[in-house]
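The values are calculated or read from the model by the stated rules, or taken from the named source; none is laboratory data. Just so we're clear, the structure is a prediction, and the values are computed from it rather than from any experiment. No Cβ is skipped: glycine too gets one built from the backbone with ideal geometry, and neighbour counts run over all protein chains shown.
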């Protein structure tokens with residue numbers, strides 16, 4: 001029968017039997033060799049992706065916890081640093097005050113000692129001057145006792161005494 | 001020569017669509033083209049899916065994370081189709097339990113029918129026929145075109161446009177539906193289902209009046225459902241290909257009617273443009289019909305599950321995932 005004359009709805013045994021047998025064979029082969037393999041591959045990939053996502057979430061949670069801990073420690077460190085700075089400033093201020101007080105005390109002592117030394121030196125100088133003056137007076141008196149002292153002698157004696165006094169280095 | 005080509009074009013577009021004898025003879029029996037297409041389609045389908053499976057499956061550990069990546073475009077396309085059909089179509093309709101049992105059969109049917117449909121889009125048979133007419137004995141060809149050309153075709157045509165083939169595929173669906181019914185419901189449950197269900201059988205006695213009617217309708221439905229699958233697939237394939245053949249036959253019809261060659265050429269150009277558009281539609285129909293065959297088989301199978309499971313698995317109201325699923329389409 002020509003195809004053009006064939007009934008589209010006619011049923012022939014050979015194509016029908018071939019369709020059933022070939023389709024069943026295809027189903028069996030694919031069910032044994034293809035679908036389990038594909039399903040296994042997809043499942044493994046699914047597990048891998050889910051595992052990676054879970055690991056990423058865990059890592060993110062850990063990172064968040066670490067960051068919070070870090071921030072907490074940072075704030076604590078800032079507080080500690082502020083307290084230490086405040087304490088150090090107090091200590092430094094106290095040290096400076098002590099140093100200034102000690103310096104002022106020492107300065108006062110130095111001044112007092114210098115004044116005392118100056119007074120002693122002055123007193124010693126006065127005493128030495130007095131002693132020298134007395135010695136000079138004695139000398140002058142001895143010379144006076146040796147002859148009459150007129151105005152001219154007196155002038156010479158004074159000049160001599162002054163020269164001696166000057167030559168004595170005092 | 002022109003007469004030869006006109007004869008090759010044929011008077012009846014169905015001549016290019018319906019099943020024809022091939023040039024292959026086994027044991028004195030000439031095999032129809034549909035049989036050859038079935039065998040070749042099965043080999044190609046299995047080969048491609050084996051290739052895809054080897055590329056989708058996890059590779060050796062030495063590849064690192066790349067071992068989880070599907071290699072190759074064809075394998076990636078097949079993977080997308082498998083995942084979409086399984087997770088977006090079959091599991092929501094059938095439920096996890098039924099899907100696990102029937103997905104291998106349903107996916108195999110889908111890809112097998114799809115392969116047959118796509119083969120039909122490639123004019124293997126027409127090219128062989130044309131080559132035979134052009135290269136062969138014109139006089140003999142014009143004398144007995146149909147016989148001469150049929151003996152020159154080794155492979156081609158659309159197997160899924162042959163009713164015998166689609167009936168065979170539907171027979172597999174029919175058996176699967178009954179297996180599911182007897183396996184899940186048992187003989188008594190199946191009979192109850194055919195009589196309208198537990199509520200009708202164990203309901204008021206007055207309902208027993210309608211049970212024979214329900215039984216007859218349900219029993220007929222068990223045969224009509226697969227038959228509808230077969231007719232739907234065959235009719236869609238035949239219709240599209242017939243339309244293509246009609247479009248391509250316009251130019252030849254003009255020449256046969258004694259029209260000028262320029263008119264035939266112009267009409268052929270316009271018809272060819274529309275034929276290209278129709279080809280894209282045919283490509284869509286090839287996928288759509290394979291999907292419909294598989295999906296309706298899944299629906300028919302899931303209707304034969306336990307009623308308590310059915311409510312849960314068919315997702316009439318609220319599924320496990322909290323989403324509202326559409327009720328399975330009726331069986332007609």
- prompt: Where residues in region B:39-66 are loosely packed, with under 14 Cβ neighbours inside 10 Å and farther than 30 Å from residue B:159 by Cα, which of them is farthest from the other protein chains (Cβ to nearest Cβ)?
  reply: B:62
- request: Can you confirm whether region B:97-109 contains a residue that is surrounded by fewer than 23 Cβ atoms within 10 Å (Cβ to Cβ) and away from chain A (no Cβ under 12 Å)?
  value: yes
- request: For region A:34-57, enumerate the residues that are assigned to a helix (DSSP H, G or I) and surrounded by 14 or more Cβ atoms within 10 Å (Cβ to Cβ).
  value: A:35, A:36, A:37, A:38, A:39, A:40, A:41, A:42, A:44, A:45, A:48
- prompt: Being under 34 Å from the mean Cα position of the chain (by Cα), surrounded by 15 or more Cβ atoms within 10 Å (Cβ to Cβ) and modelled with pLDDT of 90 or more, is that true of even one residue in region B:244-253?
  reply: no
message: From the list B:93, B:122, B:69, B:83, exactly one residue is more than 11 Å from chain A (Cβ to nearest Cβ), surrounded by fewer than 17 Cβ atoms within 10 Å (Cβ to Cβ) and either under 21 Å from the mean Cα position of the chain (by Cα) or on the phi < 0 side of the Ramachandran plot (or both). Which is it?
response: B:122
- prompt: Hey, does region B:23-32 have a residue that's in contact (Cβ under 8 Å) with a residue 60 or more places away in the chain, closer than 30 Å to residue B:154 by Cα and within 11 Å of chain A (Cβ to nearest Cβ)?
  reply: yes
query: In region B:151-186, what residues are more than 30 Å from residue B:245 (Cβ to Cβ) and either in a helix (DSSP H, G or I) or within 14 Å of chain A (Cβ to nearest Cβ) (or both)?
result: B:174, B:175, B:176, B:177, B:178, B:179, B:180, B:181, B:182, B:183, B:184, B:186
query: Among the candidates A:94, A:64, A:86, which residue alone is assigned to a helix (DSSP H, G or I), out of contact with any helix residue (DSSP H, G or I) (no Cβ under 6 Å at 6 or more places or on another chain) and closer than 30 Å to residue B:65 by Cβ?
result: A:64
query: closer than 30 Å to residue B:174 by Cα, modelled with pLDDT under 95 and either exposed (fewer than 11 other Cβ atoms within 10 Å of the Cβ) or within 12 Å of another protein chain (Cβ to nearest Cβ) (or both): does that describe residue A:29?
result: no
message: Quick test for you: out of A:21, A:10, pick the one residue that is surrounded by 10 or more Cβ atoms within 10 Å (Cβ to Cβ), assigned to a helix (DSSP H, G or I) and in contact with a helix residue (DSSP H, G or I) (Cβ under 9 Å, 6 or more places away or on another chain).
response: A:21
